[in-house]
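First up is the structure itself, then whatever we jot down about it.
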Amino acid sequence: MRFRRLFLPSGIGLAVLLAGLIPITMAAPGCVNREDNATASRMRLTELVAYWAVRGRDSEGNNYIRPAVRFRVTNTNPAPVEYVQVMSVFRRESAPDEAWGTGYVHSVAEEALAPGEASGEHTLRADSNYLSQGAPERMFENELWEDVEVEMFVRVGASSWISQGKTVALRRLGPPGVEKYLEPIEDEPIYGIAPGPDDVPESEPEPSPENPSVER
């Protein structure tokens, strides 16, 4: 089974841009509001799970998968909080200090989160992919496979990016409870990748004597 990693130029650019925000903000304490930092530190990510999502297939028959993370944000502050941003940074195990992909939410809720209130469910997907001409679920068995860790950051107002911990993407397609996510998401094609179901593997047709399948 042919297998290689694909680095999309747009993904690299965004990864560098967003990952760069963290050291820049930390290096300029005068720009950081300590009160906002304390507020951001008291936000909690709940129902956090990372997994792999099927992105689609290109015209050459390559299947694409990318890591994704699903979560809610809960406000444990004594006052309402608005404009909560979340960033995910994905890193391969061979390069733990290098951002391989990123995801970003400008605001987790349309209105301020009341004390104890949780946001709606959010999913962030990396902008880098693994690809193979084999079935998506078979990629986990490849000798070149590398697990991917995701670190989650929260920002409120003028706070810095506050780390909310790390988790490793499960070696599975789709999150637990995947039956809730059977409908494909709308996703613009990138570099010829056809949009497809994001959270479940694409079913392969059964071969028949009249039309046998050929494995490449």
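Beta carbons closer than 7 Å, at least 6 apart along the sequence or on distinct chains, pair a first residue in the range 150-178 that is free of Cβ contacts under 8 Å to residues at least 24 places away in the same chain with a second that is part of a strand (DSSP E or B) and buried (at least 21 other Cβ atoms within 10 Å of the Cβ) for Ser163/Phe153; Lys166/Val150. Within the range 170-179, the set of residues being within 27 Å of Leu113 (Cβ to Cβ) and buried (at least 20 other Cβ atoms within 10 Å of the Cβ) comprises Pro175 only.
Within the range 136-185, being modelled with pLDDT of 90 or more, of a type in the set (A, V, I, L, M) and over 14 Å from the mean Cα position of the chain (by Cα) holds for Met139, Val154, Val156, Ala158, Ile162.
Residue count for the range 79-121 satisfying the condition of being crowded, with 16+ Cβ neighbours inside 10 Å, without any contact (Cβ under 8 Å) to a residue 40 or more places away in the chain and out of contact with any Ser or Thr (no Cβ under 7 Å at 6 or more places or on another chain): 1. Inside the range 53-66, residues that are touching a helix residue (DSSP H, G or I) at 6+ places or on another chain (Cβ under 8 Å) and under 12 Å from Arg125 (Cα atoms) make up a count of 2.
Considering only the range 187-202, I want to know if a residue exists there that is within 16 Å of the chain's Cα centre (by Cα), surrounded by fewer than 17 Cβ atoms within 10 Å (Cβ to Cβ) and at pLDDT below 90.
Among the residues of the range 187-202, at least one is within 16 Å of the chain's Cα centre (by Cα), surrounded by fewer than 17 Cβ atoms within 10 Å (Cβ to Cβ) and at pLDDT below 90, which makes the answer yes.
Would you confirm whether or not the range 52-68 contains a residue that is touching a Leu at 6+ places or on another chain (Cβ under 7 Å) and outside any strand (DSSP E or B)? Yes - at least one qualifying residue is present in the range 52-68.
In the range 97-142, what residues are in a loop (DSSP other than H, G, I, E, B) and among the acidic types (Asp, Glu)? If you could, list the steps in order and put the result at the bottom.
Taking the range 97-142 first, the residues in a loop (DSSP other than H, G, I, E, B) are 97-100, 106-112, 114-117, 119-121, 126-128, 133-135, 142.
Passing the criteria: Asp97, Glu98, Glu110, Glu111, Glu117, Glu121, Asp127.
Entry remark, the range 133-158: residues being among the small types (Gly, Ala, Ser) and either buried (at least 22 other Cβ atoms within 10 Å of the Cβ) or touching a Leu at 6+ places or on another chain (Cβ under 8 Å) (or both) number 0 in total.
The values are calculated or read from the model by the stated rules, or taken from the named source; none is laboratory data. Here the structure is a predicted model, which means the values were calculated and not measured. Neighbour counts are summed over all protein chains in view; Cβ atoms, including those assigned to glycine, are modelled from backbone coordinates with ideal geometry.
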